[in-house]
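K.L.:
I'd like to ask you about the structure that follows.
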Amino acid sequence: MQYERDDQQTGRRCPLTTSYEHTVRRHLLWTVALLLALLLLTALASQMNVSARSLSTAGRVSATSGSVWVSLSPSAPTVARGDVITLEIRLAAGSELIDGAEIHLNYDRVFLLPVDADGNPTDRLTSSGILSQILRNKIYTETGRIHFAAGIYDPEEPRPSGTFTVATVRFRALWGTGGGTTALTFGTKVPFKTDVTSGGSSVLGGVEDGHITISGEEPPLTPTPTLTASPTVTPTPTASATATATPQCTPMTISFQAGNLPEPSYYGVVDTFLSIDSPAVTHDGNTTLQMKNDNSGGKRPLLRFDVSRIPTGSRVDGATLYLAQDTYRKNDLFVSTVSIYQMLRPWIGGQATWLQATSLVPWSSGGANAPADRAQTVLSSLVIGAIDVWQWRALPVKDAVQAWVNDPGSNAGLLLIGEGSSQEFHFYSSDYPAAAYRPRLEVTYCAAPLVPTITPTPTQTPTVSPTPTATEIGAPTATGTLTPTPSATPTATEIPTPTPTATPESAILSVEAELGRITPPMAVVTDATASNGAYVASPISYEGFVDLDYYITVQGNYELWGRISADTVGSDSFWVTVDRGAEGRWDLPLGPWRWAFVALSGPPQPKAEVYFLTLGWHRVRIKAREAGARLDRLEFRPAGIPQAATPTQIATPSPTLTATSTTSPTPTASPTLTPTPTTSPTPTNSPTPTASATATATPTATPSQTPTQTPTPTATLTATSTLTPTATHTDTPTPTITVTETPGPTFTATATPQHYVALLPLVVKHLEGDRFLPGGP
């Protein structure tokens, strides 16, 4: 029933609503609210269900859609340290027809090393071939990531379905996991997102990670032992020195390949081959390394890699030389046994022939065959035969690389010698147009620990011994090396410099000028007096230059030094540019070969130019200014290195005590001063000439704190018969002062932090062609 009322504002008749209608409306609103709440609860419950399922399935990560799963087989193997594990990357596709797969897999480099079927380190997986077109196949051993992508593009080629293997990866177990496991995880996020496609659309349902249990020795976790300075003979508190603990070693892998690895700017590879068929001809620059074995000696490839980026003293765990064999062969009848040797005699790529190591230095025997030319022990051997498609050949060379890392100056490279019936094979050289096929050296190593800093701490050293009395004059303590010399008065003279500092030997970055990138008319000139048998010079003023590249691992201030020679004032200058900075004039001192620092803008200056070099690559360009100026070698030295061709250990002498004796210098077991306490002193002196003893003057009655940290420059000890008590620095006056011969604290050189500077003398060449060919390694 409706009622009407007048609207007081408008005068219109308005309907009135009954209480019944109000009730109905309220019920409708409540019903809608309840329905919405039920829908929300249902959605939340569904989401919780999905989360519970995900948590209950360890190692499984679901995708947003699709039904295809990617996994490893076996997914959880157990192996022993040193074993090789073979894992298949599988797709469970069901009825889906797969036309593409992109796999990203992460592993721990501490525990696993990727290897090939022969157990040699590798950076590739083995494709099953089911997805025939390989788009990507690379293992980055520096980061522990594996990337593989393959697909099918031929519309007539059948698409696989069901469960099948995409690729196989093998690992060598490096360390035990200590009862735990090491994980293998698939990437699930861009840019390393694993995916599977059918008809060009993603059908990935999820991935199932794996893990490996490895038994055996675990990686070293304990720091290196604490170093303690040698104590004195007397059982008293002595200075102790503690070395900084070395962190556990994490194996690292680095590859060297001209124009490609570890980065495209690396050109530290020199290679050629020696041929008895053309004994006086050099084959540097040839795109192949030719190996021939016959009765006369044949052809022998010669290679050298700059590995100075690996810190000196590192432990090499593995090193393999990879050579890409071409399809060329002399015949299809015979195979060859290829043996590789460590070279001992230095050689120059552009000058090495069957007879000569350089244009001035011959081999001791043709083909570098003598013990002075190469080691006679084989590093490794490999039997190879004819092939119809190019193929990688792997030769382990760990011992040679370890020798180079221990002593970078010993790196003379490697020599390959073929044996067997007459045959010839070719390998791609560092001059091959496609960088990915050039010789590659892969090294796994543990970096050398930093050199600990040893800081002796001065302590109290009270020493009481029954020895002759003497009157103390000057400082109460004299510490140093005792050198007995017959004379009238014992005198202790101390040089107040107790802490010598060693200059690191590894701080100089040196490159032979003839190994740089040379632009004519700057040219290489042979000279027996040059450091490597050659130098660079330009016959035309203001034309030609050489670029030299350096890799800095410790940033700081450096000076530039060159081994130079100039005959006249008209042939004694270069233009110098560092990192494309301002060009400056470098005037050379006249005379034969000598080291001179670079001082720009005018005549030679008393101070060298200082360059602040950051971490990474730096380029120096030496450009001709006056014809005939000669450059043999160019070095970056940390600012302040003394003016010498080779850095040496520079240490401040330790405190020295020179004792002069009276009367009879007869050698006995120990030095003893025995003044007779009368008006006429008659000291008996029997010093033993000991090379490095330490004398310490200490009050007998009350040991005092002796400030040995800052010794007084001169302390004089005079033997006398006077028994009158002498005022000393002790609380209780005493009539005697004991002179005792005891070993003092050992002053150890405090090593400045090592400049683990990796020197990369580079032969910089132009790249020709593409860096990567389809279907490459």
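The values are calculated or read from the model by the stated rules, or taken from the named source; none is laboratory data. Everything quoted here is computed from the prediction, not taken from an experiment. Glycine gets a Cβ as well: all are built from the backbone with ideal geometry, and neighbour counts include every protein chain shown. For accessibility, only protein heavy atoms count, side chains too; no ligands or nucleic acids. Shrake-Rupley method; radii C 1.70, N 1.55, O 1.52, S 1.80 Å.
K.L.:
Return the sequence-ordered ³J(HN,Hα) values of segment 334-346 in whole Hz as given by the Karplus equation 6.51 cos²θ - 1.76 cosθ + 1.60 applied to θ = phi - 60°, using x for Gly and Pro.
P.N.:
Per residue, the Karplus-derived 3J(HN,Hα) values read 10, 9, 10, 9, 9, 10, 10, 10, 7, 7, 10, 9, x Hz.
K.L.:
How much accessible surface does Phe171 have with a 1.4 Å probe, in Å² rounded to 10?
P.N.:
Its accessible surface works out to 0 Å², give or take rounding.
K.L.:
Further question on the same structure: What ranking of Ile98, Ile134 comes out by heavy-atom accessible area, probe 1.4 Å, highest first?
P.N.:
Largest accessible area first, the residues go Ile134, Ile98.
K.L.:
A follow-up question, please. Can you give the charge dipole size of segment 365-431 about its Cα centre, rounded to the nearest 20 debye, using +1 on the beta carbon of Lys and Arg and -1 on the beta carbon of Asp and Glu?
P.N.:
Using Cβ point charges on Lys, Arg, Asp and Glu, segment 365-431 gives about 140 debye.
K.L.:
Next up: Starting from the amide H of Trp392, placed 1.01 Å from N in the peptide plane, find each other amide H under 5 Å away whose residue is 5 or more places distant or on another chain.
P.N.:
Gln325
K.L.:
Once the whole set of protein chains is in place, how much accessible area is left on Asp209, using a 1.4 Å probe, in Å² to the nearest 10?
P.N.:
40
K.L.:
With the cut-off at 1.5 for a/c, could you classify segment 266-361 from its C-alpha gyration tensor as rounded, prolate or oblate?
P.N.:
The shape class here is oblate.
K.L.:
Where the centroid of each part is defined by its Cα atoms, how far is segment 503-582 from segment 72-131 in Å?
P.N.:
So the separation of the two Cα centres works out to 48 Å.
K.L.:
To the nearest 10 square angstrom, what accessible area does Arg633 show with a 1.4 Å probe?
P.N.:
Only protein atoms counted, so the area is about 60 Å².
K.L.:
Residue by residue, what Karplus-based ³J(HN,Hα) values in Hz, rounded to whole numbers, does segment 309-315 have, using 6.51, -1.76 and 1.60 with θ = phi - 60° and x for Gly and Pro?
P.N.:
The phi angles translate into 5, 6, x, 4, x, 5, 8 Hz.
K.L.:
Students sometimes get this wrong: rank Met343, Met252 by accessible area, probe 1.4 Å, all chains present, largest first.
P.N.:
Ranking Met343, Met252 by accessible area, largest first, yields Met252, Met343.
K.L.:
Using the Cα centre as the reference, give the magnitude of the dipole from point charges on the C-beta atoms of segment 68-215 (Lys, Arg: +1; Asp, Glu: -1; all else neutral), rounded to the nearest 20 debye.
P.N.:
440
K.L.:
Projecting each Cα onto the charge dipole of segment 509-638 (Lys/Arg +1, Asp/Glu -1 at the beta carbon, about the Cα centre), which of Asn557, Ile540, Gly584 comes out farthest on the positive side?
P.N.:
Highest projection toward the positive end goes to Asn557.
K.L.:
For Glu419 and Ser278, calculate 0.36 nm times their separation in residues minus their Cα-Cα distance, and state this gained length in nm to one decimal.
P.N.:
48.8 nm
K.L.:
Sticking with this structure for a sec: Run the reach check for Lys292 against lysines, Cα to Cα strictly under 16 Å, same-chain hits fewer than 8 apart removed. What comes back?
P.N.:
Lys330
K.L.:
Can I ask one more? In debye, nearest 20, what is the charge dipole magnitude of segment 252-446 about its Cα centre with +1 on Lys and Arg Cβ and -1 on Asp and Glu Cβ, if you could check?
P.N.:
Its charge dipole is roughly 180 debye.
K.L.:
Loop only per DSSP, at most 11 neighbouring Cβ atoms within 10 Å: give me the chymotrypsin sites (Phe, Trp or Tyr not before Pro) in segment 400-439, ordered by residue number.
P.N.:
For chymotrypsin sites (Phe, Trp or Tyr not before Pro) across segment 400-439 that sit outside H, G, I, E and B with at most 11 neighbouring Cβ atoms in 10 Å, the list is empty.
K.L.:
Run down the aspartates and glutamates and flag those whose C-alpha is under 18 Å from the C-alpha of Lys193, throwing out any fewer than 8 positions away in its chain.
P.N.:
Asp99, Glu102, Glu208, Asp209
K.L.:
Right, another one. Over segment 252-446, with the other protein chains present, what is the accessible area per residue in square angstrom, probe 1.4 angstrom?
P.N.:
About 33 Å² of surface per residue is accessible.
K.L.:
Here is a follow-up. From Cα pairs below 8 angstrom and at least 6 apart in sequence, can you work out the relative contact order of segment 509-638, rounded to a whole percent?
P.N.:
In percent, rounded to a whole number, it is 38.
K.L.:
Can you tell me the accessible area per residue over segment 68-215, all protein chains present, probe 1.4 angstrom, in square angstrom?
P.N.:
Spelled out: the 1.4 Å probe surface of segment 68-215, per residue, equals 41 Å².
K.L.:
Taking the Kirkwood radius as the inverse of the mean 1/r across Cα pairs, report the Rg/Rh of segment 509-638.
P.N.:
Expressed as Rg/Rh, it is 0.93.
K.L.:
Right, something else. Once amide H atoms are placed 1.01 Å from N in the peptide plane, what residues at a sequence separation of 5 or more from Val115, or on another chain, have their amide H within under 5 Å of its amide H?
P.N.:
When sequence neighbours closer than 5 places are left aside, the close amide H contacts are Thr122, Arg170, Phe171, Arg172.
K.L.:
So, one more: Once neighbouring chains are kept in place and the probe is 1.4 Å, which whole percent of the accessible area of segment 68-215 is contributed by carbon and sulfur?
P.N.:
Of the solvent-accessible surface of segment 68-215, carbon and sulfur hold 48 percent.
K.L.:
Across segment 98-114, in residue order, what do the Karplus-derived ³J(HN,Hα) couplings come to in whole Hz, using 6.51 cos²θ - 1.76 cosθ + 1.60 with θ = phi - 60° and x for Gly and Pro?
P.N.:
Calculated HN-Hα couplings, in order: 8, 10, x, 8, 10, 10, 10, 10, 9, 9, 9, 5, 5, 9, 10, 10, x Hz.
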